[in-house]
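Asks: Here it is, the structure, as structure tokens.
The values are calculated or read from the model by the stated rules, or taken from the named source; none is laboratory data. Note that this is a predicted model, so its numbers are computed, not measured. Heads up, the Cβs are rebuilt from the backbone with ideal geometry, glycines too, and the neighbour counts pull from every protein chain shown. Ligands, DNA and RNA are excluded from the accessible area calculation, which covers all protein heavy atoms including side chains. Shrake-Rupley method; radii C 1.70, N 1.55, O 1.52, S 1.80 Å.
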Amino acid sequence: MGETAAITIDRLSREDLEQVLAIERASFSMPWSRNLFLAEFRNPDVSLMLAARSPAAGGRVIGYIVCWIVADELHILDLATEFPCRRQGIARRLVLAALNAGNNRGVQRAFLEVRESNRAALMLYEGLGFIRSLVREGYYDLPVENAVVMSLDHVGIMKASSKPER
């Protein structure tokens with residue numbers, strides 16, 4: 001499966017939760033709990049949750065993104081791709097889908113935090129036009145690590161191979 005392989009991106013549903021939790025636990029040293037995900041489902045006016053699905057695997061979830069949209073800002077809270085599907089452009093497509101959904105709701109800027117050691121994520125976000133805004137010392141636990149806060153101003157309709165329209 002390459003970046004051009006068929007995937008679909010749509011809303012995450014409660015029925016997807018077991019698949020999402022498995023990816024979450026395999027991806028993070030401090031994974032979100034079931035209750036954190038359930039809380040996001042209870043707040044649909046703020047929470048934007050999208051799933052990348054593999055039609056070849058019967059629509060199984062292979063990645064997801066969770067964001068908040070508040071006023072004109074989008075904050076990316078959680079993003080993960082199933083291990084065998086990494087480095088194939090799925091996370092990029094999820095971020096672009098979230099930015100486009102945010103743009104449709106009036107979002108002007110986007111923010112996120114990422115572990116300082118997460119080079120793949122830093123490259124992904126920088127490739128989409130995010131800039132490193134500041135460092136939050138000791139933000140993460142297990143292990144304790146700094147967070148790089150990244151921001152993207154002027155969120156516009158973005159295509160899979162482009163930076164935001166200015």
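Asks: Out of G58, G89, report the one residue that is on the phi > 0 side of the Ramachandran plot and either of a type in the set (D, E) or surrounded by fewer than 17 Cβ atoms within 10 Å (Cβ to Cβ) (or both).
Replies: After ruling out the rest, the residue left standing is G58.
Asks: Which condition number does V149 fail, the rest of (1) more than 27 Å from R25 (Cβ to Cβ); (2) touching an Asp or Glu at 6+ places or on another chain (Cβ under 7 Å); (3) modelled with pLDDT of 95 or more; (4) of a type outside the set (D, E, K, R) being met?
Replies: Just one mismatch for V149, condition (1).
Asks: Please state which of the following conditions L21 fails to meet, knowing it meets all the rest: (1) under 25 Å from M150 (Cα atoms); (2) of a type in the set (A, V, I, L, M); (3) open to solvent by less than 10 Å² (accessible area, probe 1.4 Å).
Replies: Going through the list (1) under 25 Å from M150 (Cα atoms); (2) of a type in the set (A, V, I, L, M); (3) open to solvent by less than 10 Å² (accessible area, probe 1.4 Å), L21 breaks only (1).
Asks: Same structure again: For R109, indicate whether it is open to solvent by 40 Å² or more (accessible area, probe 1.4 Å), in contact with a strand residue (DSSP E or B) (Cβ under 9 Å, 6 or more places away or on another chain) and within 14 Å of W68 (Cβ to Cβ).
Replies: yes
Asks: Quick one: count up the residues across the stretch 5-25 that are assigned to a strand (DSSP E or B) and closer than 19 Å to Q88 by Cβ.
Replies: Taking the stretch 5-25 as the starting set, the residues that turn out to be assigned to a strand (DSSP E or B) are 8-11.
Subsequent filtering for residues that are closer than 19 Å to Q88 by Cβ retains 8-10.
The total comes to 3.
Asks: If you don't mind, there's one more thing I want to ask. Considering V155, V135, V144, which residue is free of Cβ contacts under 8 Å to residues at least 24 places away in the same chain, in contact with a Gly (Cβ under 8 Å, 6 or more places away or on another chain) and not hydroxyl-bearing (S, T, Y)?
Replies: Testing whether each residue is free of Cβ contacts under 8 Å to residues at least 24 places away in the same chain, in contact with a Gly (Cβ under 8 Å, 6 or more places away or on another chain) and not hydroxyl-bearing (S, T, Y) leaves just V144.
Asks: Give me the pairs, please: first residue somewhere in the stretch 53-80 and of a type in the set (F, W, Y), second residue anywhere and in a loop (DSSP other than H, G, I, E, B), beta-carbon distance under 9 Å, and either six or more positions apart or on two chains.
Replies: As it stands, the answer is Y64/L12; W68/N43; W68/V46, since those pairs meet every condition given.
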